[in-house]
Amino acid sequence: MKYTTIAEELNKMASEDQSAREKFYSQKVPKKETFKNLVEPIDERNYQRMAEIIDQIGYPTISKVGKQASFNAWLIIQHHPQGEFQKKCLQLMEDAEDDVNPQNIAYLKDRVLVFSGKKQVYGTQLKKNEITNKMELYDVEDEVHLDDRRKQIGLEPIAEYLKKFE
């Protein structure tokens, strides 16, 4: 690990991210206004700092910041709704694929595709069906081979994944 101070900072940023989301989701009825006031400022601050970190050291890979901090970098990127930044980070992650958790690449790839109006590849992104009130997958490319793709990167079969959201 080369960038210990940055690793510590990424871990702190992710902790704040998760704490804000826990407070938001612990409400009886989460409200958009509360999300805007509680979560979005942290997401914005984290995004600004993450952009600086990437300009400084490139993508925070496992060899640069350690496994946990690299995961936390992905978490912060995943939570910021700035599509162009996510696309840039996805490319950086793919370029360093041997030094980044492949599951993190899959989740970000799916998020970028879904936000671009395209079908996801790994079936990681869900939406709430307003009629049934249940979570369901966004459209998936080549559903027949979905579990094969998930298995290749260490994700559980899609049926097991979906059970978590029932």
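Contact order, relative form, for region 111-153: 35 percent (alpha carbon pairs under 8 Å, 6 or more residues apart, mean separation divided by residue count). Value of Rg to Rh for the chain, rounded to two decimals, is 0.97; Kirkwood radius and Rg both from alpha-carbon coordinates.
Which entries of 2/36; 67/88; 2/109; 64/164; 2/164 show an alpha-carbon separation above 25 angstrom in the structure shown?
Values: 2/36 35 Å; 67/88 21 Å; 2/109 27 Å; 64/164 33 Å; 2/164 36 Å.
Result: 2/36; 2/109; 64/164; 2/164 exceed 25 Å.
Of the trypsin sites (Lys or Arg not before Pro) found in region 1-97, those that fall in a DSSP loop while having at most 15 other beta-carbon atoms within 10 Å are 2, 28, 31.
Which ordering of 148, 17 is given by a fewest-first count of other beta-carbon atoms within 10 Å? Kindly include the intermediate steps, with their values, before the conclusion.
Numbers: 148 10, 17 21.
Ranking 148, 17 by Cβ neighbours within 10 Å, fewest first, gives 148, 17.
If the segment from residue 116 to residue 40 were pulled out straight at 0.36 nm per residue, it would be longer than the present Cα-Cα gap by 25.3 nm. Remark: 19, 26 ranked as 26, 19, counting other beta-carbon atoms within 10 Å and listing the fewest first.
In region 117-166, the ratio of gyration radius to Kirkwood radius, Rg to Rh, stands at 0.97 when only Cα atoms are counted.
Remark: relative contact order (the chain) = 16 percent; criterion is Cα-Cα distance under 8 angstrom and separation of 6 or more residues. Among 73, 14, 51, the largest mean-square fluctuation in a Gaussian network model of the chain (Cα springs under 10 Å) belongs to 51.
Taking Cβ atoms as reference points and 10 Å as the exclusive limit, the residues near residue 1 contribute a net charge of +3, counting Lys and Arg as +1 and Asp and Glu as -1.
Exposure proxy shown here: for 165, 71, the number of other Cβ atoms within 10 Å sets the order, fewest to most, as 165, 71.
No value in this document is a laboratory result; all are computed from the given coordinates. It should be emphasised that the depicted structure is a prediction, and the values quoted were computed from it without experimental measurement. Cβ atoms come from the backbone with ideal geometry, glycine included; neighbour counts cover every protein chain shown.
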